[in-house]
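See below for the structure under consideration.
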Amino acid sequence: HRDLHSFPTRRSSDLAARGWLIDEVAGVGCAPLTLGGPRRPDTIVETIKISPDPVRTSGQICYTVRKEGVVNVGLYNVTGALVERLADGPARRGLNTAKLEAGQLSRGVYFVRLVCESETRTAKVVVR
């Protein structure tokens, strides 16, 4: 195993320059957590949370949407390459979850990217 600090990383600003909106998220469980302050009333994705963070063997992606719709949730590495598709299909209004199996992943920083209709949200997750 390589030391966590030996992995190449990109700053959130580097990914933001490529069109990624990075939400710094912390917490335990799937209790609702509002991201980045107040959202516009027409926002579809209300919350996204990863638990636990850091993830060791498995974790849970919890996200809240304001209306039913098709949701696509992917796990991306620091270069922006898709590592795993976590969810792809209908989501009900309210709290939804996707499972993150980290046992086969290298330790390091990843990003969970959620797309619902025209809205995209991204959260950082650490795998140890």
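Values for this structure:
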read-out	value
Under Karplus coefficients 6.51, -1.76 and 1.60, residue-wise ³J(HN,Hα) of region 89-96 in Hz, glycine/proline x	x, x, 10, 7, 5, x, 7, 10
Interchain or long-range residues, amide H under 5 Å from Leu86's placed H	Val73, Gly74, Leu75
Using distinct alpha-carbon pairs, which all enter the 1/r mean, Kirkwood radius of region 35-128 in Å	13.4 Å
Accessible-area order (highest first, 1.4 angstrom probe) of the listed residues Ser118, Ser58	Ser118, Ser58
Sequence-distant residues sharing a close amide H with Ala102 (under 5 Å, placed H)	Ser58, Gly59
Placed amide H near Gly69: partners under 5 Å, 5+ positions off or other chain	Ala91
Residue-wise HN-Hα coupling along region 103-119, computed from phi with Karplus coefficients 6.51, -1.76, 1.60 (Hz; x: Gly, Pro)	x, 9, 8, 6, 5, x, 9, 10, 10, 9, 10, 10, 10, 9, 6, 9, 9
Whole-Hz ³J(HN,Hα) from phi, Karplus 6.51 cos²θ - 1.76 cosθ + 1.60, for region 66-71, glycine and proline x	7, 8, 4, x, 8, 10
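The values are calculated or read from the model by the stated rules, or taken from the named source; none is laboratory data. What you see is a predicted model; the values in this text were computed from it and never measured. In case anyone asks, the SASA skips ligands and DNA or RNA and just uses the protein heavy atoms, side chains included. Shrake-Rupley method; radii C 1.70, N 1.55, O 1.52, S 1.80 Å.
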